[in-house]
Every structure is written in structure tokens, then in C-alpha cells.
1. Restricting to the range 67-100, count the residues that are in contact with a helix residue (DSSP H, G or I) (Cβ under 7 Å, 6 or more places away or on another chain) and of a type in the set (S, T, N, Q).
2. Where residues in the range 91-111 are among the hydroxyl-bearing types (Ser, Thr, Tyr) and closer than 12 Å to Ala160 by Cα, which of them is surrounded by the fewest Cβ atoms within 10 Å (Cβ to Cβ)?
3. Among the candidates Ala218, Ala134, Ala172, which residue alone is assigned by TED's automatic domain parsing to the domain that holds Glu122 and either among the polar types (S, T, N, Q) or touching a residue at least 24 places away in the same chain (Cβ under 8 Å) (or both)?
4. Just the residues that are buried (at least 17 other Cβ atoms within 10 Å of the Cβ) and within 13 Å of Gly220 (Cα to Cα), please, taken from the range 74-90.
5. Which of the residues that make up the range 109-131 are of a type outside the set (Gly, Ala, Ser) and either touching a residue at least 40 places away in the same chain (Cβ under 8 Å) or not in a helix (DSSP H, G or I) (or both)?
6. Kindly evaluate Ala160 against the criterion of being part of a helix (DSSP H, G or I) and within 30 Å of Lys105 (Cβ to Cβ).
7. Surrounded by fewer than 12 Cβ atoms within 10 Å (Cβ to Cβ) and either under 30 Å from Val214 (Cα atoms) or acidic (Asp, Glu) (or both) - does that describe any residue in the range 135-150?
8. Does the range 187-203 contain any residue that is crowded, with 17+ Cβ neighbours inside 10 Å, on the phi < 0 side of the Ramachandran plot and under 17 Å from the mean Cα position of the chain (by Cα)?
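The values are calculated or read from the model by the stated rules, or taken from the named source; none is laboratory data. For clarity, every value in this text was computed on a predicted model and none was experimentally measured. Every residue, glycine among them, receives a Cβ derived from its backbone with ideal geometry; neighbour counts consider all protein chains shown.
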Amino acid sequence: MNGASLLSRTFPYFFPEGPAAYRFGAALALPERNRRIDCNFFTRRLAVAEEKKEPWLNYLALSTVIFAVCATLSTFKGGGYSTRAVMSQTMAANQWAYYQAKSLKGYLYEIQREMLELELKEPNSTLAPGAMEARRGTIDSFTQKINRYDKEKAEIQQEAKALEARRDAAQANSQIFGYAVIFLQIAILLSSIAALMKKKMLWYLSMAVGIAGVVYFANGFLLFF
């Protein structure tokens, strides 16, 4: 096994097999002066392989990670608020249906109470005194039930409105987190392009868009605008 083959197997990146390997083997057989000149070929190849990395690329990578984390959390929180909005809307609809049921029962008792009151007010009524007294008792019972239904309707209405307010707040949070995801995804895309093309201005643009996304991300929790 010659020197070129040994180096090719030991350091395949710097000394691949092929013409370069034979050239290196030939260089070993040359005199010292020519050997130093010929080895410059490998020095130049190593310099090309080790491209200098610009320092701002490290900050680009860090900012991209931060934007990705914020985008993930925005997606998670936005989905949670969307689910809360749907559940609150369903519960509010159920409360309003319950409110309508109480209203219908109250209307039925009001109609029956008015019919009994009209019977008692008839001048030529043939009702016996006992029957009239029973109707008065029934009217009082209907009145109590109507009052109870009115009180229950007020409580149901208050709870339904609270659920609607909760739904509206959840929708507002979900929408803000949606805006945050849009800005952050655009920032990540611009950062990726800036890293590939090594364009610092694109990174500055991605930072501006990403900061807007981070502001919306914070606003999703705090609702300060």
C-alpha cells in the first residue's frame, strides 16, 4: 500500500482517492524543494474547505430559534383559545335555550292565570263559592310559579351573557395569537433566506418582522392594545 492510498483511507476528506492522491504520492518522491511547492495544492484546498463564518450568522441562528419557540407557543395558545371560544359559545347557546324553555312555561302559566281571573270577574258567574276560592288559590299558585320563572330567567340570562363575554375574550386572544404566528413564520422564512444567501439586510428585515410577531405574542397574554 503506497502513501497516497494510506492517507486517502485515513483522511478521506483531505486526501481523496484519484488524481489528487497520485499527485500527492508523486510529491513525496520529489526533492524537498519541489515537495514544498507541490504541497501548496493541498494547503489551498484546505483553505477553501474551511470557509470563514461571519459572526452575525450566530445571532441570526439565535434569533431564528427564539422566533420558532414563540411561533410554537402562539400556535398552541391560539388553538387553546379557539377551543375555549367554541365551548363557551355552545354553553351560551344551551343557556339561551334553557331561558326560552323557562319563558314558554311562564307564558303558559300567565295565560292560564288570566283565564281564571276573567272567570272570577264575570258578573253573572255561576261558580259556587268553594270553586271560586279554589280558583283564587290556583291563581296565587300560578303567580308564584311565574315569579319563580322570572327569577330563574334572570339568573340564566346573566350566566349566558357571562359565557358570551368569555367567548368574545377568547376569540380576541385567538385572533391576536394568529397574527403573531403569521409575523413569526415570515420572520423565520426571511432568516432562512438570509442564512442561505448570507445577506445581512434580509436578516435585519426578518428581525423587524419577528419583533412585530413577538409583540403580538405578548399582547395575546396581556391584551394591552
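1. Residues that pass the stated criteria total 6.
2. As a first pass, look at the range 91-111 and keep what is among the hydroxyl-bearing types (Ser, Thr, Tyr): 98-99, 103, 107, 109.
Narrowing further to those that are closer than 12 Å to Ala160 by Cα: 98-99.
Working: Tyr98: 16, Tyr99: 18.
Going through the qualifying residues, I end up with Tyr98.
3. Values: Ala218 fails: either among the polar types (S, T, N, Q) or touching a residue at least 24 places away in the same chain (Cβ under 8 Å) (or both); Ala134 fails: either among the polar types (S, T, N, Q) or touching a residue at least 24 places away in the same chain (Cβ under 8 Å) (or both).
It is Ala172.
4. Those that are buried (at least 17 other Cβ atoms within 10 Å of the Cβ) and within 13 Å of Gly220 (Cα to Cα): Ser74, Lys77, Gly78, Tyr81, Ser82.
5. The initial filter retains those residues of the range 109-131 that are of a type outside the set (Gly, Ala, Ser), namely 109-124, 126-127, 129.
Listed by number, the residues that qualify are Tyr109, Glu122, Pro123, Asn124, Thr126, Leu127.
6. On the way: part of a helix (DSSP H, G or I): yes; within 30 Å of Lys105 (Cβ to Cβ): yes.
Yes: the conditions hold for Ala160.
7. yes
8. First, the residues of the range 187-203 that are crowded, with 17+ Cβ neighbours inside 10 Å: 187-188, 190-191, 194, 202-203.
Going one step further and asking which of them are on the phi < 0 side of the Ramachandran plot, we end up with 187-188, 190-191, 194, 202-203.
With the extra rule that they be under 17 Å from the mean Cα position of the chain (by Cα), the set shrinks to 187-188.
So far as the range 187-203 goes, yes, one or more of its residues are crowded, with 17+ Cβ neighbours inside 10 Å, on the phi < 0 side of the Ramachandran plot and under 17 Å from the mean Cα position of the chain (by Cα).
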